[in-house]
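Undergrad: The structure that follows is given in the form of structure tokens.
The values are calculated or read from the model by the stated rules, or taken from the named source; none is laboratory data. Keep in mind that what you see is a predicted model, and the values were worked out from it rather than measured. Every residue, glycine as well, gets a Cβ built from its backbone with ideal geometry; the counts of neighbours run over all protein chains shown.
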Amino acid sequence: MKFFLAVFSPISVAEDASRVTSPKVLGYETQARVSGLEHGIGFVLFMEDGRLDLLEGFAWGPESTAGLNLTALELEVYKQPRQRVS
């Protein structure tokens with residue numbers, strides 16, 4: 001059995017912070033290289049009522065992430081331009 005990384009971190013935003021108009025999901029281009037994962041990790045931000053609400057991190061490939069120490073993980077974050085499908 002393989003285990004895959006899928007981490008959800010709630011985000012707290014001050015009640016008096018201005019709300020913004022945006023898509024509900026942001027960040028499909030944000031990725032990170034991680035030692036031990038051939039395909040790396042992707043990140044997505046979720047919005048709720050005009051404020052950041054949740055950060056999701058996930059493994060792109062089939063490698064097991066069971067042995068990763070998430071509190072000490074070193075990431076090389078980069079932005080991958082979206083590829084258009086024709």
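Undergrad: Across region 49-71, which residue is nearest to the chain's Cα centre (by Cα) among those that are surrounded by fewer than 14 Cβ atoms within 10 Å (Cβ to Cβ) and within 14 Å of Ser9 (Cβ to Cβ)?
TA: Residue satisfying both the conditions and the ranking: Leu70.
Undergrad: Return the residues of region 17-62 that are among the charged types (D, E, K, R) and at positive phi; say none if nothing qualifies.
TA: Asp49
Undergrad: Can you report the number of residues in region 33-42 which are closer than 16 Å to Phe8 by Cβ and touching a residue at least 24 places away in the same chain (Cβ under 8 Å)?
TA: 1
Undergrad: The conditions are (1) part of a strand (DSSP E or B); (2) surrounded by 15 or more Cβ atoms within 10 Å (Cβ to Cβ); (3) at pLDDT below 90; (4) hydrophobic (A, V, I, L, M, F, W, C), and Leu45 fails exactly one of them. Which is it?
TA: Against the list (1) part of a strand (DSSP E or B); (2) surrounded by 15 or more Cβ atoms within 10 Å (Cβ to Cβ); (3) at pLDDT below 90; (4) hydrophobic (A, V, I, L, M, F, W, C), Leu45 comes up short only on (3).
Undergrad: May I pose another question? Return the residue satisfying two criteria in turn: it lies in region 7-30 and is among the aliphatic types (A, V, I, L, M) and exposed (fewer than 10 other Cβ atoms within 10 Å of the Cβ), and of such residues it is farthest from Leu68 (Cα to Cα).
TA: It comes out as Val20.
Undergrad: On to the next question. In region 32-48, what residues are more than 11 Å from the chain's Cα centre (by Cα) and of a type in the set (Val, Ile, Thr)?
TA: Val34
Undergrad: Continuing with this model, one more query. Please find, within region 73-86, the residue that is nearest to Val44 (Cα to Cα) out of those that are at pLDDT below 85 and among the aliphatic types (A, V, I, L, M).
TA: Selected residue: Leu73.
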